[in-house]
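Notes to accompany the following structure.
We did not get these values from a lab; they are worked out from the coordinates using the rules stated. Just so it is clear, the structure is predicted and the values come from calculations on it, not from any experiment. Cβ atoms come from the backbone with ideal geometry, glycine included; neighbour counts cover every protein chain shown.
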Amino acid sequence: MAHAVQGIVAKGKGLPVELTTILVPDPGPGEALVKVQACGVCHTDLHYREGGINDEFPFLLGHEAAGIVEAVGPDVVNVKPGDFVVLNWRAVCGTCRSCLRGKPNLCFNTFNATQKMTLEDGTPLSAALGIGAFAEKTLVAAGQCTPVNPDAKPEVAGLLGCGVMAGIGAAMLTGEVQRGDSVAVFGCGGVGNAAIAGAKLAGATTIIAVDLDDRKLEWAKQFGATHTVNGSQSDPVAEIQAATGGNGADVCIEAVGHPEVLRQAFYARDLAGTVVQVGVPTPTMTMPDIPMIDFFGRGGQLKPSWYGDCLPSRDFPMLIELHLQGRLPLEDFVTETIGLGDVEDAFHKMERGEVLRSVVVI
Ligand SMILES: NC(=O)c1ccc[n+]([C@@H]2O[C@H](COP(=O)([O-])OP(=O)(O)OC[C@H]3O[C@@H](n4cnc5c(N)ncnc54)[C@H](O)[C@@H]3O)[C@@H](O)[C@H]2O)c1
Ligand SMILES: [Zn+2]
Ligand SMILES: [Zn+2]
């Protein structure tokens, strides 16, 4: 039996999203039906709405969510009805080349639900990042459900499902920030500020936040930035060099998704330093035109970071515990809680820079 519930659907490129009835199938083998309690609004949802990811409209948006498992398919063993879970977009397969090499955090063959959720007329929906959680219920692969301590609030826990995990992981896992490192973070939205929080947790002593918006830089200080640079007023590369004894930062994290920002991150880095690209580019963007001798001559590493290279089963429960112990202020990412019908409005607030995260609470 399909469940008729309300969900937020993007029907075409650039069109305002609509609250509409969707049909969610009962879980089949390997699947779980989840009653969504909270789902954050991530910039990637807006990228989908703008056709910046692919053109497989209509999309069921939302992918940064927590909820309660309502039902599971016949063979599911990792979760059961009643479990409090954070949804993830890295349900590892265990058998691909990367999993077999002992690197499931880079799994090349992640799972999503096999059955499609649909509009009432049967049109299949593409679920954002294989999740689609701006909905009262969603259908996912059981491996996309990570049980965590139910003492955490859903609107806070769900943030680990995408942007906050991506940011923390960009610093701690991809960037491998060490105690005493200097770190520069470009773009201080939910992802960038999470990278700042991750750099602080890892023991970085100099954390330089770069944004074009002073409100974002104020938030960045709350999360642990020791220096801030408004890139519309001064040159971030020169400012970062000045804050690091003229050398540049050990780790530069690009959390915008723009070639010019990648160029800045590249040149703001110390010799043998690391650039982490966590911001998502659009399909038409190209790498900045950088002399190859600069790439070779500076050494170090340029590393794209999908989902902060996280392993949800290892990292979500651990980060929730750190949060419950007061060591990771996840609640500070929640600027506002909103209803399902307010997602379009939340996109505009995000574009105007008014929020770190608007979180839909159902
Ligand atoms: N790699 C991943 O796994 C992953 C996961 C989630 C989100 N993302 C991506 O991360 C990026 C950030 O997401 P978000 O939710 O934090 O978005 P956001 O819109 O909340 O934040 C982006 C920030 O970048 C700032 N900015 C824009 N242009 C800038 C510039 N030239 N220099 C400095 N700062 C600038 C904006 O003022 C804003 O504060 C997006 O591209 C998103 O798609 C990636
Ligand atoms: Zn795999
Ligand atoms: Zn996201």
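For a footprinting-style exposure proxy, rank 13, 200 by other Cβ within 10 Å, fewest first. Walk me through the numbers before you get to the answer.
Values: 13 12, 200 20.
Final ranking by Cβ density, sparse to dense: 13, 200.
List the trypsin sites (Lys or Arg not before Pro) within the range 32-134 that fall in a DSSP loop (any state other than H, G, I, E or B) and whose Cβ has at most 15 other Cβ atoms within 10 Å.
Values: sites: 35, 49, 90, 97, 101, 116; in loops: 90, 101, 116.
Answer in residue order: 101.
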### Query
When 111, 59 are ordered from fewest to most other Cβ atoms inside 10 Å of their Cβ, what list results?
111, 59
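Relative to the Cα centre, what is the charge dipole magnitude of the range 164-306, using +1 at the beta carbon of each Lys and Arg, -1 at the beta carbon of each Asp and Glu, and rounding to the nearest 20 debye?
On the way: 9 positive and 14 negative charges, 65 e Å.
Around 320 debye, computed over the range 164-306.
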#### Entry: Gyration tensor (alpha-carbon) shape descriptor, the range 1-143, a/c threshold 1.5
oblate
### Message
For a quick check, take a GNM of the chain with Cα springs below 10 Å and name the residue from 107, 310, 162 with the largest mean-square fluctuation.
### Response
107
### Task
For residue 109, enumerate residues with amide H under 5 Å from its amide H, sequence gap 5+ or separate chain, H modeled in the peptide plane.
93
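So which of 137/216; 11/137; 11/349; 11/103 end up more than 31 Å apart by C-alpha? Let's see the in-between values first.
Numbers: 137/216 33 Å; 11/137 19 Å; 11/349 21 Å; 11/103 37 Å.
From 137/216; 11/137; 11/349; 11/103, over 31 Å: 137/216; 11/103.
More than 20 angstrom separation, counting every C-alpha pair in the range 214-362; what % is that?
Details: 6833 of 11026 pairs.
Of all Cα-Cα distances in the range 214-362, 62 percent exceed 20 Å.
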### Query
Can you give the charge dipole size of the range 1-65 about its Cα centre, rounded to the nearest 20 debye, using +1 on the beta carbon of Lys and Arg and -1 on the beta carbon of Asp and Glu?
140 debye
### Query
If the cut-off is 20 Å between C-alpha atoms, which aspartates and glutamates fall inside it for residue 153, apart from same-chain ones fewer than 8 positions away?
64, 70, 83, 136, 315, 321, 331, 332, 336
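Under the classification rounded if a/c is under 1.5, otherwise prolate if a/b is larger than b/c and oblate if not, where does the chain fall, given a ≥ b ≥ c as square roots of the Cα gyration tensor eigenvalues?
Details: a/c = 1.78, a/b = 1.64, b/c = 1.09.
Here the chain falls in the prolate category.
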#### Entry: At most 15 other Cβ within 10 Å, DSSP loop - trypsin sites (Lys or Arg not before Pro), the range 297-356
327, 352
### Task
Could you tell me which of 132, 276, 180 has its Cα farthest along the dipole of the chain towards the positive end, charges placed at Cβ (Lys, Arg +1; Asp, Glu -1), taken about the Cα centre?
180
### Helix-only mean residue ellipticity at 222 nm for the chain, each DSSP H run of n ≥ 4 adding -39500 (n - 2.57), per residue, nearest 500
-7000 deg cm²/dmol
